[in-house]
């Protein structure tokens with residue numbers, strides 16, 4: 001199972017639709033679950049609730065500006081290889097201020113999608129699209145642009 | 001004026017809404033125009049029509065996987081500095097196969113947002129969000145996440 005651990009509600013309807021669309025598309029390959037924690041104006045509390053929600057038994061991948069940069073094929077390879085050793089992959093989307101050492105220490109991998117900062121809702125959609133793309137790549141299926 | 005030169009229609013309604021939302025938001029700072037060329041299954045023809053649409057008098061910025069990587073503050077700085085010398089900035093979004101030398105030679109700058117490949121419609125939304133974010137940064141306005 002693929003789990004997305006993230007913080008804060010999505011306000012824009014078009015982002016909700018985009019996220020639902022990709023969740024539906026990915027579900028042909030694997031179950032996806034979005035665990036949305038309540039956001040907290042106090043950064044430390046937000047980070048603490050995120051940290052508490054991380055399961056040590058999952059293969060945890062943090063998305064953070066300081067992470068390793070991959071292209072879509074390399075990202076697909078990470079998912080493909082990980083699923084051999086652990087069928088539960090959790091992606092952790094931190095706040096734009098970044099994740100702390102405690103969370104990063106719980107993660108087996110830290111990936112950066114871009115040097116740019118994105119709104120958290122849009123980032124959730126971008127991540128889901130890349131996961132969907134990864135399954136298309138893993139299964140050798142064409143994906144129009 | 002900010003111009004986005006791109007290829008292919010957007011199919012998903014949620015992407016159309018996202019694009020319209022950011023066009024509207026950016027228009028508080030500057031006019032945005034999206035010039036959408038017809039896509040062509042023959043890559044060379046698509047590239048040729050894109051190349052023909054580029055105006056030499058604009059400040060042309062190509063978005064390409066091989067470009068320079070910037071963070072959001074640096075991207076904002078590029079827009080801010082460019083607007084001093086040329087009030088017409090055109091962003092050129094190429095096909096996922098990349099742009100050719102002829103087009104890149106017409107551009108003053110080549111920027112890469114990510115090593116990942118995105119669907120062209122989503123990428124258009126991502127670019128518009130970053131342009132909006134840039135105007136927020138340039139004008140010293142807060143932008144919630």
message: What do you get for the angle between helix B:13-26 and the principal long axis of chain B? Use alpha-carbon atoms, 0 to 90 degrees, nearest ten.
response: 50 degrees
- prompt: Kirkwood Rh over Cα pairs of the range A:1-57 into Stokes-Einstein at 10 °C, 1.306 mPa s: D in µm²/s?
  reply: 125 µm²/s
field: Degrees between helix B:120-138 axis and first principal axis of chain B (Cα, 0 to 90, nearest 10)
entry: 30 degrees
field: Within a Gaussian network of chain A (alpha carbon springs, distance under 10 Å), most fluctuating of A:61, A:111, A:85
entry: A:85
task: Taking a label point 7 Å out from Cα toward Cβ, give me the nm distances from residue B:108 to the same spot in the other copies, shortest first, one decimal.
output: 4.8
statement: Expressed in µm² per second, the diffusion coefficient of the range A:53-145 from the Stokes-Einstein equation, with Rh the Kirkwood radius over alpha carbon pairs, at 37 °C and 0.692 mPa s, is 238 µm²/s
query: So how do B:142, A:82 line up by other beta-carbon neighbours within 10 Å, fewest first?
result: B:142, A:82
- prompt: With axes computed from alpha carbons, what is the tilt in degrees of helix A:43-52 against the longest principal axis of chain A, rounded to the nearest 10 within 0 to 90?
  reply: 50 degrees
field: Among A:48, A:62, A:76, residue whose mean-square fluctuation peaks in a GNM of chain A (springs only between Cα atoms under 10 Å)
entry: A:48
statement: Computed over the protein assembly as shown, the convex hull of the Cα set has an average projected area, in nm², of 14.8 nm²
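Read-outs throughout are calculated quantities, based only on the coordinates presented, and are distinct from any laboratory measurement. This is a predicted model, so every value here is computed, not measured. When we count neighbours, we look across all protein chains shown, and the Cβ atoms used for this are built from the backbone with ideal geometry, even at glycine.
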